[in-house]
1. Would you be able to tell me the number of residues in segment 241-277 that are of a type in the set (Phe, Trp, Tyr) and surrounded by 17 or more Cβ atoms within 10 Å (Cβ to Cβ)?
2. Does segment 6-41 hold any residues that are closer than 22 Å to Thr171 by Cα and not aliphatic (A, V, I, L, M), and which are they?
3. Of all residues in segment 99-118, count the ones that are within 11 Å of Leu257 (Cα to Cα) and aliphatic (A, V, I, L, M).
4. Taking only segment 16-26 into account, find how many residues are assigned to a helix (DSSP H, G or I), more than 15 Å from Ile284 (Cβ to Cβ) and open to solvent by 10 Å² or more (accessible area, probe 1.4 Å).
5. Answer yes or no as to whether Thr83 is part of a helix (DSSP H, G or I), of a type in the set (Ser, Thr, Tyr) and more than 18 Å from Met237 (Cα to Cα).
6. Exactly one condition in (1) modelled with pLDDT of 80 or more; (2) open to solvent by 90 Å² or more (accessible area, probe 1.4 Å); (3) under 20 Å from Gly245 (Cβ atoms) is not met by Met114; state its number.
7. Do we have any residue at all in segment 56-68 that's under 15 Å from Gly163 (Cα atoms) and in a helix (DSSP H, G or I)?
8. Given the conditions (1) at pLDDT 90 or above; (2) open to solvent by 10 Å² or more (accessible area, probe 1.4 Å); (3) in contact with a helix residue (DSSP H, G or I) (Cβ under 7 Å, 6 or more places away or on another chain); (4) part of a helix (DSSP H, G or I), which single one is not true for Val10?
Amino acid sequence: MFGNRVLKGVFLVGLGATSYGMLATFVKLAYNENYTTAEVTSSQFILGIIGMLLINAFQKAKKGNDVVKASGKNIFHLMLAGTSLGMTSVFYYLAVKYIPVSIGIVLLMQTVWMGVLLEWILDKKAPSMQKIVSVIIVLIGTALATNLIKNEISLDWRGIMWGLLAASSFTTTMFTANRVAVGISSAQRSLYMLLGGAVIVFGFSIATQTTPFNFDIFLKWGIVLAVFGTIIPPILMNAGFPHTGIGLGSIVSSLELPVSVMMAYMILGEHVVFTQWVGILLIILAIVIMNIKTSKN
């Protein structure tokens with residue numbers, strides 16, 4: 001039974017990470033059309049919240065009184081935790097504005113070791129050797145999959161700073177998905193976390209938007225960003241992380257990296273060399289190693 005629950009969690013988190021992996025390409029395309037970070041994040045969260053409201057209404061109509069309602073304390077804690085979700089979007093989108101998508105993803109993937117480290121600190125239990133080896137394989141694969149070794153461009157320090165901040169806030173998001181108000185439905189948890197994240201996003205937009213807001217973003221890119229960045233991933237990750245734990249969940253979340261590389265290859269037309277595909281295979285290998293370990297337990 002335990003193995004089945006973990007496998008289900010791995011599947012859900014993996015799909016959520018895959019959805020997240022598509023975002024950077026869409027954001028770059030929006031930037032190419034001169035949309036601002038404030039317009040991108042605001043449209044994503046507004047449409048995402050509307051989508052989650054509809055999903056919650058559908059669940060309530062279908063299940064009626066069987067749906068466990070969130071208490072006032074649950075709502076407060078989830079909204080507080082959701083601020084990290086908003087910060088992740090803002091920080092990551094700012095990062096890819098100043099540095100290439102491949103480097104931004106590398107920085108975001110620091111959640112791999114940040115997540116394992118956080119689990120070590122919180123649970124006061126050193127990670128297993130197999131988990132350590134898997135993390136090392138993921139990091140090596142990350143460097144290869146993004147062509148970091150052969151990347152000879154000059155990096156903007158602002159992009160590096162925003163990328164590391166995005167990794168830190170994303171690690172916090174994964175932690176809260178695993179620990180906060182796990183007794184209520186994933187749809188409710190996602191909605192309240194989005195509301196908390198919206199506070200950060202709207203505050204950022206008000207502070208930084210210096211030109212008239214271009215509402216065309218809602219139909220042009222907002223729907224796509226909301227579906228793949230705000231609706232699908234939180235639901236799947238909120239449902240999956242309680243089964244995987246933050247350490248394994250962090251490893252599985254690295255699927256975002258190969259998906260991002262493939263999206264850049266297919267849509268942006270970026271050249272992907274052989275070493276990058278080797279890196280992707282190494283990341284998948286690390287995920288398999290982690291799952292085999294969990295299944296044996």
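1. Within segment 241-277, residues that are of a type in the set (Phe, Trp, Tyr) and surrounded by 17 or more Cβ atoms within 10 Å (Cβ to Cβ) number 1.
2. The answer is Lys8, Gly9, Phe11, Gly14, Gly16, Thr18, Ser19, Tyr20, Gly21, Thr25, Thr37, Thr41.
3. 7
4. Qualifying residue count for the region: 2.
5. no
6. Met114 satisfies every listed condition except (2).
7. There is no residue in segment 56-68 that is under 15 Å from Gly163 (Cα atoms) and in a helix (DSSP H, G or I).
8. Against the list (1) at pLDDT 90 or above; (2) open to solvent by 10 Å² or more (accessible area, probe 1.4 Å); (3) in contact with a helix residue (DSSP H, G or I) (Cβ under 7 Å, 6 or more places away or on another chain); (4) part of a helix (DSSP H, G or I), Val10 comes up short only on (1).
The values are calculated or read from the model by the stated rules, or taken from the named source; none is laboratory data. All values derive from a computational prediction rather than experimental measurement. Glycine also receives a Cβ, built like all others from the backbone with ideal geometry; neighbour counts cover every protein chain displayed. Side chains included, ligands, DNA and RNA excluded: accessible areas come from the protein's heavy atoms. Shrake-Rupley method; radii C 1.70, N 1.55, O 1.52, S 1.80 Å.
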